[in-house]
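Here the structure is laid out as structure tokens; the discussion comes afterwards.
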Amino acid sequence: MQGLSLNFRSETLLALTDKIKSSIEGRMSWGDTFGLGLGVKSDKHLIVWTPKESSEGDILPGFDSEDSKLTVKMRPRPGAWVSWIDEAKITAETQDDYDRVHRSIQELERNARQITDFADGSVSDITIQNLGKSLTLSELAQDVLKTRLTIPSTVKTGGYVLANIGEADTEILPPATVIVPEQTHIHRVHLNEDALFDQILAQDYRLLLVVIRTHIKQYPDLIDLGYSLTLHTRLSNVFEEPDAETSEATKEATDPIQVLATGAVYDPLEPETLRLVPVAFSAPADEIETEIRDSSKKIETYTVKANQNAYQLMAQFQQGVETRLRALVLGPGQRVHNKVWDDLVIRELRNTMLTFVEFYEEYLTEHFEASIAAPKIEELKENIDPMIEFWQLQDNQQLTLNHLIQSSYKLANQVLDRAAGLFHDLVFEEDFIETGLVRQVDLSVFENNELLNEIYLPQWTRGTVREKMAGITLRSTLHATQVERLTNIWLELLELANFASQNRQDFEVVIQPLVNLLLATKAEKSTQRRSQQAQQRGRATNFAGFEIPDKIVEQILDHVKLHLPTIKQWLQNMPSAVDEQQHYATLWALVLDGRLREQLLANIQPTCDINLSVPDQTKRLINLMLGSALIIQAEKDRKSIERNLNRAVISKTGHELANVTTAAMLAIHGDALLAILYEELLGYHDTLAKRADRLTHPPQKGKKRKRGQSRENGAANAEAIEAEQQKVEELMAFLRPYRQEEVIITLATAGIDPRAINLEEIRKQQVLSFDVSDLPAIGETWLGDSKSVGDYPNLRVFLLQNQLPISTTGRLLMELRQQFPDELFNHVLGLIQEVKALQGNDFKGDLLNQFVAYISEKVWRWELTQITEAELPLLLKEKVIASAICYEKEVDSLLEYVERYDELVSTKLSAGSEMDNHRQYIEEQFQAIVETLLV
């Protein structure tokens with residue numbers, strides 16, 4: 001395997017990287033066990049135990065005798081607890097080794113205390129009750145164990161990644177499965193394997209990456225390599241041992257799995273990123289195990305000598321510093337002058353570190369070939385100055401002697417860690433890679449099928465949220481209950497927080513519009529002065545309650561997480577020249593609906609369309625469906641749907657259906673209303689299916705049939721239900737684009753790039769193909785006294801009665817009378833009568849309003865209809881009148897309808913078709929007639 005590609009879902013990659021980050025921050029997860037050695041000799045031990053769901057729930061801390069013949073463990077305890085022990089004190093009081101074991105267990109059990117606050121897993125902040133006092137573990141270590149609680153930044157953690165290799169002919173990689181198991185962190189990390197084997201048995205996988213964090217080292221630690229090899233051997237033995245008591249299903253499930261030891265490489269000089277470095281085993285297990293033992297001895301020998309040398313150098317440095325400061329008459333707690341501090345740090349401490357590098361160079365040159373050792377030596381030299389700079393930025397520079405000494409030892413440990421990491425890599429390369437015991441695997445990491453150049457560690461974790469909330473609690477005017485809800489919001493949206501941070505955006509600003517809505521409190525209702533004064537006095541403790549209950553908040557956050565891909569796309573494509581607050585508020589107006597959207601829009605002007613639907617079309621569609629038998633035949637069913645729709649609309653928006661169908665409200669809730677209608681029709685469609693099933697499958701023999709029911713009537717009813725079903729299905733197909741999961745993506749994409757999705761084109765294509773004969777009847781004219789050709793003995797009478805010029809209008813009428821049949825010619829006469837009526841009122845007043853109301857209803861009906869050739873003249877008559885009045889007489893109220901008539905013609909009729917040619921001829925004749933009237 002020369003190369004490997006892994007595709008992670010965002011949430012699984014975050015789970016893995018967050019677990020790695022937790023070890024850097026000093027956090028643990030619920031279900032883990034965490035142990036620390038404290039004090040100069042690490043002989044004071046602190047253990048944090050949380051309840052397990054795995055098979056290791058009964059495995060509790062204990063002690064072994066030196067001869068391994070006696071093992072005693074703690075008794076099970078309920079809940080999560082902390083215990084501690086001073087091993088040096090116990091050893092001094094015991095008579096023999098067995099007595100030491102028994103006394104140690106008694107001490108652990110005596111000191112066990114229940115955890116009262118898990119503090120989001122932040123080990124130093126975990127709280128217990130001891131002797132009536134509430135103590136954090138930092139305070140416990142200081143007060144009881146008389147030492148500082150220092151959590152090493154090198155704490156190990158990890159997880160498993162199960163994956164399949166994608167087919168060669170596909171570009172989409174199957175997503176990897178990440179398992180972050182329960183873990184025990186005592187001396188080394190132990191990963192529980194229950195969830196791993198359950199997943200292997202449940203699904204076929206070909207790769208298993210055992211991912212364990214390394215500190216600075218560029219390859220897996222040898223102890224982790226040994227664990228991965230053991231797991232590899234265990235899985236292989238399932239198939240190689242013929243007598244193994246394993247089911248065939250288990251063998252088939254685990255057969256193809258290849259185990260890769262994978263280092264999750266963390267470098268403190270690059271604290272924002274992480275690298276995954278997998279290696280594959282390419283030699284027998286016993287050879288690799290032998291080399292692990294031999295190489296571990298090399299590393300151990302180096303570590304002892306390096307620590308001795310570093311201790312001597314730092315002792316000399318400390319003595320020199322103390323001598324110099326005594327000469328300056330400075331005590332341990334007095335501040336050191338900045339110039340003295342810089343001189344000590346930049347010159348003396350740097351020289352001390354470079355002296356250690358000289359020892360390092362001598363040691364490597366002695367044990368390795370010069371060409372192999374030189375790159376590592378040079379790398380350590382180059383890292384000294386960046387480490388000093390990073391150490392200075394990381395430290396708060398109290399500028400006292402005590403602080404300088406303690407901080408200098410911290411830097412020395414960091415240099416030791418880096419030197420040890422480079423030494424480990426040198427040994428690994430020489431003893432494992434060059435010998436062919438393992439081989440490197442080039443890994444490409446994808447997130448949601450997009451290649452990642454770097455894997456970022458999360459900047460937002462439970463730890464950072466806790467720190468920020470501590471500051472907000474001190475500075476903010478928020479009530480404690482609001483702070484608690486805000487904490488939950490941030491924790492639920494950690495994935496979004498980290499994405500915003502990677503895009504150099506302020507997560508708090510991004511979600512502020514959402515937070516303002518979710519933290520809103522109920523309005524206080526106090527009418528009496530006494531009650532108002534009481535509320536003022538108790539304002540610090542009393543809380544009026546939230547406008548949005550906790551259950552609804554959970555649903556909203558689940559909804560937001562469902563649409564995270566769209567939200568990320570919106571943030572990633574934010575224009576440079578845009579008002580951030582308006583842009584973010586528009587985002588939440590797109591994602592949210594109902595009352596929350598209405599509250600948002602009260603204060604902002606969206607930067608893009610927030611509805612795909614058009615208000616007047618939505619209103620007419622609702623009226624058509626609920627007020628006619630066009631779709632739903634039975635009035636009883638229509639009333640039932642209307643009641644259900646009304647209840648759902650009230651729940652979503654807080655308004656009744658009648659109040660939502662206004663133009664202003666539909667501009668906010670239009671898509672939501674259509675989405676609710678879709679859900680109601682979905683249920684009604686199922687009801688129709690059940691009715692049809694009962695009719696087509698009559699009662700079994702022996703069951704009484706209702707009086708008057710016959711098979712013929714049943715068949716007829718079944719056909720009617722089937723026809724109704726087809727209409728409901730067609731309306732549901734029309735409404736499908738307005739469902740929330742689809743419309744949010746559509747609108748957001750259009751808002752980011754209008755060229756990517758043209759909303760107007762989508763709206764044009766949203767056409768219901770109902771037959772005109774199925775629509776509720778409407779007249780062919782809005783005039784009450786319109787006359788036809790049969791009402792006149794000849795055209796001259798028509799011209800005289802309507803005072804029309806014979807030389808222009810009369811001549812055209814004579815020509816059209818010879819060309820048009822009676823039905824088409826009647827539309828010409830109707831056209832003239834309507835224009836004359838409007839002209840008589842100077843294209844104003846009630847008649848114009850009557851005409852606008854008529855065509856506003858008609859154009860919507862045409863949009864829902866497949867236009868036939870017989871209906872074409874009527875449509876063209878309306879189109880020509882509207883266009884002429886709009887443009888010639890500048891009646892702006894008709895502009896919208898003129899554009900819609902134009903769209904109708906262009907979308908309903910194929911250009912160049914026979915019907916389109918006929919349309920052009922009729923329209924030209926109609927226009928010519930109108931021009932003679934408007935001269």
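A few comments on the model shown:
- Using the Cβ-Cβ distance between Arg817 and Ala658 with R0 = 60 Å, the FRET efficiency computed as 1/(1 + (r/R0)^6) comes to roughly 0.75.
- Theoretical gain in end-to-end length, Arg739 to Ser65 [0.36 nm per residue, Cα-Cα removed]: 235.9 nm
- With contacts taken as Cα pairs under 8 Å and at least 6 residues apart, the chain reaches a relative contact order of 8 percent.
- Spatial offset of segment 772-838 relative to segment 590-610 amounts to 49 Å, using the alpha carbon center of each.
- Ratio of Rg to Rh over segment 818-934 (Cα coordinates, Kirkwood Rh, two decimals): 0.94
- Only protein atoms count toward the accessible area here, which uses a 1.4 Å probe; on the chain, the carbon and sulfur part of that area reaches 48 percent.
- Per-pair calculated FRET efficiency, R0 = 51 Å: Met732 and Gln512 via Cβ, rounded to 0.05: 0.85
- Accessible surface ranking that places the most exposed of Asp43, Asp902 first, with a 1.4 angstrom probe: Asp902, Asp43
- Exposure of Ser153 as accessible area (Å², to 10), given a probe of 1.4 Å and all protein chains: 60
- Kirkwood hydrodynamic radius over Cα pairs of the chain, then Stokes diffusion coefficient at 10 °C and 1.306 mPa s, in µm²/s: 44
- Within the straight-line cut-off of under 18 Å between alpha carbons, the lysines reachable from Lys858 are Lys619, Lys764, Lys877, Lys879, Lys908, sequence neighbours fewer than 8 places apart in one chain being disregarded.
- Helix 480-492 vs. the chain, principal-axis angle (Cα, 0 to 90°, nearest 10): 90
- The angle separating the long axis of helix 285-327 from the principal Cα axis of greatest extent in the chain is about 80 degrees.
- For segment 818-934, accessible area per residue (1.4 Å probe, heavy atoms of protein chains only), Å²: 43
- Peptides 585-596, 826-837, 786-797 ranked from most to least packed give 585-596, 826-837, 786-797, packing being the mean of other C-beta atoms within 10 angstrom over each peptide's residues.
- Rounded tilt (10° steps) of 914-933 against the dominant C-alpha axis of the chain: 60
- Using heavy atoms of the protein chains and a probe of 1.4 Å, the accessible area assigned to Glu434 is about 130 Å².
- The charge dipole of segment 861-935, taken about its Cα centre with unit charges on the Cβ of Lys, Arg, Asp and Glu (plus for the first two, minus for the last two), comes to roughly 180 debye.
- Modelled this way, with points 7 Å down the Cα-to-C-beta line, the labels at Gln406 and Arg763 are 6.7 nm from one another.
- Surface exposure of segment 51-139, expressed per residue as accessible area with a 1.4 Å probe, stands at 55 Å².
- Percent RCO, i.e. relative contact order, over segment 818-934, from Cα pairs under 8 Å lying at least 6 residues apart: 34
- Of the listed residues His45, His669, the order by accessible area with a 1.4 Å probe, largest first, is His45, His669.
- Heavy atoms of Ser5: accessible area, 1.4 Å probe, square angstrom to 10: 50
- Filter on Lys69/Lys410; Lys156/Lys376; Lys727/Lys844 - keep pairs with C-alpha separation over 31 Å: Lys69/Lys410; Lys727/Lys844
- Convex hull projection area averaged over all views, segment 80-197, Cα basis, nm²: 11.4
- Where segment 390-498 is the region considered: accessible area per residue in Å², 1.4 Å probe: 46
- Accessible surface ranking for Glu193, Glu508, 1.4 angstrom probe, highest first: Glu508, Glu193.
- Potential lengthening of the chain between Asp842 and Arg755 amounts to 27.1 nm, from the contour at 0.36 nm per residue minus the alpha-carbon distance.
- Judged by the gyration tensor of its Cα atoms, with axes a ≥ b ≥ c, segment 847-886 is oblate; a/c meets the 1.5 cut and b/c is at least as large as a/b.
The values are calculated or read from the model by the stated rules, or taken from the named source; none is laboratory data. If you're wondering where the values come from, they're calculated on a predicted model, not measured in any experiment. Positions of Cβ are backbone-derived with ideal geometry, glycine not excepted, and every protein chain shown enters the neighbour counts. With ligands, DNA and RNA removed, areas are computed over all heavy atoms of the protein, side chains included. Shrake-Rupley method; radii C 1.70, N 1.55, O 1.52, S 1.80 Å.
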